[in-house]
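The block underneath contains the structure these notes are about, expressed in structure tokens.
The values are calculated or read from the model by the stated rules, or taken from the named source; none is laboratory data. Computed from a prediction, not measured in an experiment: that's the story for all the values here. FYI the Cβ positions are ideal-geometry reconstructions off the backbone, even for glycines, and counts take in every protein chain you see. The area values use the complete protein model at the heavy-atom level, side chains included, leaving out ligands, DNA and RNA. Shrake-Rupley method; radii C 1.70, N 1.55, O 1.52, S 1.80 Å.
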Amino acid sequence: IKRIIRGLFKKLVLVNLLMIVFNHLQTLEISWNISLAIILMSYLILYFDLSGYSDIAIAFGSLYGILVPENFKKPWSAPTMTQFWRNWHVTLSDYIREHIYVVVVKKKLNKYQGGFIGFSTMLIMALWHGFYWHYALAGAYLGLILFFENVFSLTSLSKRTTNKFYFAFRCLLTNFLFAVNTLVFTIPK
């Protein structure tokens, strides 16, 4: 019951409050700080909307004895886009990886093949939301990031062996790059 209430609070209270701020920010004269605030609000709206929905689904599943997997596992602590997608919308990411990536691959890939599969996976995940040019563009954007991470061997970064300031910077950069992408879902078309 607590998780249902938490999910409803995220979806009905936090998302609505964030939308008020987000809509107000869009009426202001654009500057770098307003743009950053719009990007941050967009990220938070999408996160609280999806994680609130997931909380509700997991809680109702639990009430009926159905194990529904966690869908968000602290994505803000991911220093690479590859690690980010293991923590954000986990059920969709895992489904795409297991039913497309693993089926297509079935063998060890070189960096370019892995990058191409990452690019293709992001494109498919974006088009899962609808066959529109802005979703395809968002998928290509995220896919290119995954492609370059694969090609330049930047797919993982260990918190234990990395300078904590550099690790924090990479987490911020990864989340910022994703946050730019969230505008596709929050800015009116």
Within segment 132-183, can you find the residues that are within 15 Å of GLY118 (Cα to Cα), assigned to a helix (DSSP H, G or I), among the aliphatic types (A, V, I, L, M) and touching a residue at least 60 places away in the same chain (Cβ under 8 Å)? LEU142, ILE145, LEU146
Would you point out the residue of segment 160-189, among those that are over 14 Å from ILE38 (Cα atoms) and among the aliphatic types (A, V, I, L, M), that is most open to solvent (accessible area, probe 1.4 Å)? LEU172
Checklist (1) within 19 Å of the chain's Cα centre (by Cα); (2) assigned to a helix (DSSP H, G or I); (3) among the aromatic types (Phe, Trp, Tyr) applied to TYR112, failing item: (1)
Taking the stated definitions as given, is SER35 within 24 Å of CYS171 (Cα to Cα) and part of a helix (DSSP H, G or I)? yes
Flag for LEU157 being within 21 Å of TYR43 (Cα to Cα), at pLDDT 90 or above and either touching a helix residue (DSSP H, G or I) at 6+ places or on another chain (Cβ under 7 Å) or open to solvent by 40 Å² or more (accessible area, probe 1.4 Å) (or both): no
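For every residue, the table says whether it meets (1) open to solvent by 40 Å² or more (accessible area, probe 1.4 Å); (2) within 28 Å of PRO188 (Cβ to Cβ).
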{"site": "SER42", "(1), (2)": "no, yes"}
{"site": "PHE48", "(1), (2)": "yes, yes"}
{"site": "THR80", "(1), (2)": "no, no"}
{"site": "PHE84", "(1), (2)": "no, yes"}
{"site": "GLU98", "(1), (2)": "yes, no"}
{"site": "LYS111", "(1), (2)": "yes, no"}
{"site": "GLY130", "(1), (2)": "no, yes"}
{"site": "GLY139", "(1), (2)": "no, yes"}
Boolean, ILE66 is of a type in the set (Val, Ile, Thr) and buried (at least 18 other Cβ atoms within 10 Å of the Cβ): no
